Amino acid sequence: MNPMDMAKQMLAAKLGADSGVVGDVLGNLLSSQGGGAEGLNGGLGGLVGAMQAKGLGDVAESWMGDGANADVSTGQLKDVLGGQSVSEAAAKLGTSEEGLLGTLQQALPQIVDKSSSGGSMLDKVGGLGGLAGMAKKFM
């Protein structure tokens, strides 16, 4: 299953929302950080790059590696995704910002981890050097 489909299903189940609406909102939320059509795996690469740019490269790297996933706070996610984008996404889903961020806090590490099993996502962005290069686009 493609990572974005996995994300849609997981978020729809957790938020009790229609997966089509969740897919649109998730696509918009991730594309606001440079993901979308140009982003790796439908925006997850853009998310990883934005995390790197915000000083969370070690967290993103843990999600892409085969070990344990490092924690990210809801505040850090809001900073990475952008407060305005999070607010708009929550409104479209009919949930609170805190509810959406809490769900993303649980889901995103798993989704990135599953989409990068064996380091494939890191390889696709050109290793850590490529990840750093991607991050420069967000600065």
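The values are calculated or read from the model by the stated rules, or taken from the named source; none is laboratory data. Keep in mind that this is a model prediction, so the values were computed, not measured. Positions of Cβ are backbone-derived with ideal geometry, glycine not excepted, and every protein chain shown enters the neighbour counts.
Hey, can you tell me all the residues within the range 60-77 that are surrounded by 19 or more Cβ atoms within 10 Å (Cβ to Cβ) and either of a type in the set (Lys, Arg) or within 15 Å of Leu101 (Cβ to Cβ) (or both)?
Val72, Leu77
May I ask you to say which residue of Glu38, Glu98 is more than 10 Å from the chain's Cα centre (by Cα), of a type in the set (Asp, Glu) and modelled with pLDDT of 90 or more?
Glu98
Pairs only if they're at least six apart or on different chains, beta carbon under 7 angstrom, first in the range 13-26 and in contact (Cβ under 8 Å) with a residue 24 or more places away in the chain, second of a type in the set (Ser, Thr, Tyr); list them, first residue then second.
Lys14/Thr103; Leu15/Thr95; Leu15/Thr103
Out of the residues in the range 45-77 that are of a type outside the set (Gly, Ala, Ser) and under 11 Å from the mean Cα position of the chain (by Cα), state the one that is farthest from Leu11 (Cα to Cα).
Here the residue is Met51.
Hey, any hits in the range 66-77 for a residue that's out of contact with any Phe, Trp or Tyr (no Cβ under 6 Å at 6 or more places or on another chain), at pLDDT below 90, assigned to a loop (DSSP other than H, G, I, E, B) and more than 26 Å from Gly20 (Cα to Cα)?
Taking every residue of the range 66-77 in turn, at least one turns out to be out of contact with any Phe, Trp or Tyr (no Cβ under 6 Å at 6 or more places or on another chain), at pLDDT below 90, assigned to a loop (DSSP other than H, G, I, E, B) and more than 26 Å from Gly20 (Cα to Cα).
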